[in-house]
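The values are calculated or read from the model by the stated rules, or taken from the named source; none is laboratory data. All values reported here derive from a predicted model rather than from experimental measurement. When we count neighbours, we look across all protein chains shown, and the Cβ atoms used for this are built from the backbone with ideal geometry, even at glycine.
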Amino acid sequence: MSYRNGLITGIFGTAVAASALGAAGWFFLVKPQEAAKSSAPGVQATVPKPFKEDQGATVVLTADSEAKLAIRTAPVERKPMPRKRVYGGEVIVPPGRSLVVSAPIAGTLKQGPVPVAGRAVRAGTPVFHLVPLLDPVGRANLTASRVDAEGQVRGAEEQYKLTRITFERAKDVLAGGAGRQRDVDDAQAAMEVAKQALAAATARRELLGKVLGELDSGSATPIPLEPPADGVLRNVTALPGQTVPAGAPVFEVVNLDAVWVRVPVYVGDRDEIDVSAPAGVGPLAARGGDVMRPAELVSAPPTANPVAGTVDLFYSTLNPDPNADRWRAVVGAAGGAPIAAFAGTPVGPGQRVAVALALKEPAEALTVPWAAIIYDYHGGAWVYVKGANYTYTRERVLVRHVSGETAVLAEGPAPGKQVVVAGAAELFGTETGFSK
């Protein structure tokens with residue numbers, strides 16, 4: 001065999017040997033793995049202590065530990081829960097509550113203390129005394145004023161009769177079941193306003209007649225200029241010693257026993273607001289659980305702001321001054337009930353306040369006491385539901401909103417279950433190991 005033939009034979013033999021070794025390796029390595037894969041479904045795996053989701057947040061106490069924690073529970077309830085939304089409002093003086101007192105005739109204001117704007121005044125207490133001055137022109141004016149006062153009295157009488165008829169008709173319609181209490185209240189308010197206007201016109205007529213008689217007899221006495229109602233001096237336009245013509249304004253009195261609150265509401269929210277429900281008025285810093293003074297919607301000229309896209313709602317509320325003697329008398333006579341809900345610091349014109357308006361909500365909602373809600377460090381809301389044998393299970397809830405001391409839930413335990421309202425934080429600390 002030549003060297004060439006021997007070299008070829010060696011290379012061929014080496015290749016054959018390598019192929020044989022590769023086939024043997026494939027047979028012994030790959031085949032057992034496929035067999036293992038095919039036999040895997042037959043292997044039985046067991047977990048000795050499986051984790052159960054409903055037992056992961058369960059605390060079991062002893063009777064002694066439950067007594068030491070003083071745990072108290074309350075039921076989950078489904079009940080009517082009106083929802084409110086807070087808007088900003090502005091206090092304004094209601095129409096008819098700002099009164100300007102004018103000089104009935106020409107005269108000189110008698111010397112005396114200078115009234116200061118902002119001072120509280122009482123009805124029947126003179127602010128100025130007017131010494132009449134009469135000349136031919138003044139006499140003619142006084143006579144004309146007397147005639148005008150007589151006409152005002154007659155007009156006020158007719159207006160009072162008309163409002164009284166309207167009030168009686170509204171009461172009859174309500175008694176027949178076809179009217180509304182609001183219509184009766186509005187008619188009564190209009191009748192009271194007409195009655196006050198009649199009284200003012202009558203007093204002016206009598207005063208002018210008295211002054212004219214005294215001037216004719218030469219025994220004119222200073223005329224007291226009194227505020228027609230209790231209130232606060234808003235503006236003083238004359239000073240003692242000054243001569244004023246007939247009809248000149250002397251001072252202005254504003255009565256703030258009842259005020260209006262103008263509430264600009266976004267037009268997109270208007271249909272969501274329940275205008276038949278009373279509103280709550282409080283300070284701008286009021287929180288959800290704070291007590292707010294009630295207010296009722298009143299009829300007012302429609303106003304809106306097209307730039308801001310808002311429409312104005314007007315609410316009326318009492319504004320008692322707890323330091324005023326007249327309010328103390330009212331409280332004492334009625335046992336404190338009528339104005340107890342309106343207690344607080346009086347508000348003034350232009351003051352910004354918070355107004356809580358009721359929204360149209362479903363008839364009933366799922367509720368729990370606010371004290372039952374606890375939060376984890378992720379911000380999740382939970383309650384502890386009482387089970388049997390001193391067992392308490394932590395369940396997740398979804399809080400929609402909070403109204404006073406009640407939390408309204410979108411999701412939570414079924415109605416009737418007992419949730420922990422005192423001791424929930426201690427249970428959470430026992431479960432998680434956190435002391436605070």
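Details
Matching residues to (1) in a loop (DSSP other than H, G, I, E, B); (2) modelled with pLDDT of 80 or more; (3) surrounded by fewer than 13 Cβ atoms within 10 Å (Cβ to Cβ):
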| residue | (1), (2), (3) |
| --- | --- |
| Pro320 | yes, no, no |
| Val330 | no, no, no |
| Ile339 | no, no, no |
| Phe342 | yes, no, no |
| Ala354 | no, yes, no |
| Thr393 | no, yes, no |
| Leu398 | no, yes, yes |
| Ala410 | no, yes, yes |
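- Any hit, the stretch 375-384, residues being exposed (fewer than 15 other Cβ atoms within 10 Å of the Cβ) and under 30 Å from Val263 (Cα atoms): no
Each row is one residue, and each column tells you yes or no for (1) part of a strand (DSSP E or B); (2) small (Gly, Ala, Ser); (3) at positive phi.
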residue: Arg234; (1), (2), (3): yes, no, no
residue: Ala238; (1), (2), (3): no, yes, no
residue: Val253; (1), (2), (3): yes, no, no
residue: Val263; (1), (2), (3): yes, no, no
residue: Gly268; (1), (2), (3): no, yes, no
residue: Leu284; (1), (2), (3): no, no, no
residue: Glu296; (1), (2), (3): yes, no, no
residue: Val307; (1), (2), (3): no, no, no
residue: Val311; (1), (2), (3): yes, no, no
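- For the stretch 202-243, a residue qualifies if it is at pLDDT 85 or above and among the polar types (S, T, N, Q), and the qualifying residues are Thr202, Asn235, Thr237, Gln242, Thr243.
- Complete set of residues in the stretch 65-93 that are among the polar types (S, T, N, Q) and either assigned to a strand (DSSP E or B) or under 30 Å from Val311 (Cβ atoms) (or both): Thr73
- Selection within the stretch 113-156 - farther than 30 Å from Leu256 by Cα and touching a helix residue (DSSP H, G or I) at 6+ places or on another chain (Cβ under 8 Å): Pro132, Leu134, Arg139, Leu142, Thr143, Ser145, Arg146, Glu150
- Test for Tyr375: is it touching a Leu at 6+ places or on another chain (Cβ under 7 Å), farther than 15 Å from Glu77 by Cα and in the same structural domain as Leu69 (by TED's automatic domain parsing): no
- Any chance Gly241 is in contact with a strand residue (DSSP E or B) (Cβ under 7 Å, 6 or more places away or on another chain) and surrounded by fewer than 14 Cβ atoms within 10 Å (Cβ to Cβ): yes
- Residue match in the stretch 85-97 (condition: surrounded by 12 or more Cβ atoms within 10 Å (Cβ to Cβ), of a type in the set (D, E, K, R) and modelled with pLDDT of 85 or more): yes
- Residue-level check: of (1) touching a Leu at 6+ places or on another chain (Cβ under 6 Å); (2) over 30 Å from Ala300 (Cα atoms); (3) loosely packed, with under 13 Cβ neighbours inside 10 Å, Ala117 misses just (2).
- Screening the stretch 98-114 for residues that are small (Gly, Ala, Ser) and in a loop (DSSP other than H, G, I, E, B) and picking the one that is surrounded by the most Cβ atoms within 10 Å (Cβ to Cβ) gives Ala103.
- So Val383, is it part of a strand (DSSP E or B), in contact with a Pro (Cβ under 9 Å, 6 or more places away or on another chain) and in contact (Cβ under 8 Å) with a residue 24 or more places away in the chain: yes
- Unique match (being more than 33 Å from the chain's Cα centre (by Cα) and either at negative phi or in the same structural domain as Leu212 (by TED's automatic domain parsing) (or both)) among Gln159, Gln188: Gln159
- Filter result for Val147 (of a type in the set (A, V, I, L, M), under 30 Å from Gly241 (Cα atoms) and loosely packed, with under 15 Cβ neighbours inside 10 Å): yes
- On inspection, Lys386 does not qualify as more than 13 Å from Ile71 (Cα to Cα), in the same structural domain as Ala74 (by TED's automatic domain parsing) and modelled with pLDDT of 90 or more.
- Applying a threshold of 8 Å to beta carbon distances and a minimum spacing of six or more residues, or different chains, the list of pairs starting in the stretch 229-247 at a residue that is among the basic types (Lys, Arg) and ending at one that is surrounded by fewer than 14 Cβ atoms within 10 Å (Cβ to Cβ) reads Arg234/Ala117.
- For Val147, the requirement of being assigned to a helix (DSSP H, G or I), among the hydrophobic types (A, V, I, L, M, F, W, C) and free of Cβ contacts under 8 Å to residues at least 12 places away in the same chain is met.
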